[in-house]
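Presented below is the structure to which this report refers.
The values are calculated or read from the model by the stated rules, or taken from the named source; none is laboratory data. Everything quoted here is computed from the prediction, not taken from an experiment. Note that we place each Cβ from the backbone using ideal geometry, even for glycine, and neighbour counts take in every protein chain shown.
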Amino acid sequence: MAVVLLPSLLATEAGGRGSFELDVDTVGDALRALPVAPLLFDEGGELRRLVNVYVDGEDVRTSGGLDAPVREGATVVLLPAMAGGMLLDR
């Protein structure tokens, strides 16, 4: 089993649950098993650009992407990227 942790925004969309214990082999398996999966993937099945995923603190974009392994006891964390901002007129 691995634990998947969701940020509060996604936890709200998952019925208030902020964590899920899942028996999965890969990051893709874990994400697709979540009730918020439709929010994480684009129409082509690719992980949305502003969704960051870490397995035991390691960014999966540099360690195999959706095919990155999820070992027994791992912690998978989803973090939305921060985007936007404002221009300051100086």
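May I ask you to say which residue of Val24, Val4 is surrounded by 15 or more Cβ atoms within 10 Å (Cβ to Cβ), of a type outside the set (Asp, Glu) and in a strand (DSSP E or B)?
None of the other options fit; the residue is Val4.
Quick one: in segment 8-21, which of the residues that are surrounded by 13 or more Cβ atoms within 10 Å (Cβ to Cβ) and not hydroxyl-bearing (Ser, Thr, Tyr) is nearest to Thr75 (Cα to Cα)?
Phe20
Out of the residues in segment 43-72 that are touching a residue at least 60 places away in the same chain (Cβ under 8 Å) and out of contact with any helix residue (DSSP H, G or I) (no Cβ under 7 Å at 6 or more places or on another chain), which is surrounded by the fewest Cβ atoms within 10 Å (Cβ to Cβ)?
Looking at residues that are touching a residue at least 60 places away in the same chain (Cβ under 8 Å) and out of contact with any helix residue (DSSP H, G or I) (no Cβ under 7 Å at 6 or more places or on another chain), I get Glu72.
Mind telling me which of the residues Leu79, Leu88, Leu9 ends up being modelled with pLDDT under 95, in a strand (DSSP E or B) and of a type outside the set (Val, Ile, Thr)?
That would be Leu79, the only listed residue that is modelled with pLDDT under 95, in a strand (DSSP E or B) and of a type outside the set (Val, Ile, Thr).
I'd like to check something: does segment 20-30 contain any residue that is of a type in the set (A, V, I, L, M, F, W, C) and under 14 Å from Pro80 (Cβ atoms)?
no
Restricting to segment 27-45, and then to whatever is closer than 21 Å to Arg71 by Cα and assigned to a helix (DSSP H, G or I), can you tell me which residue is nearest to the chain's Cα centre (by Cα)?
Leu31
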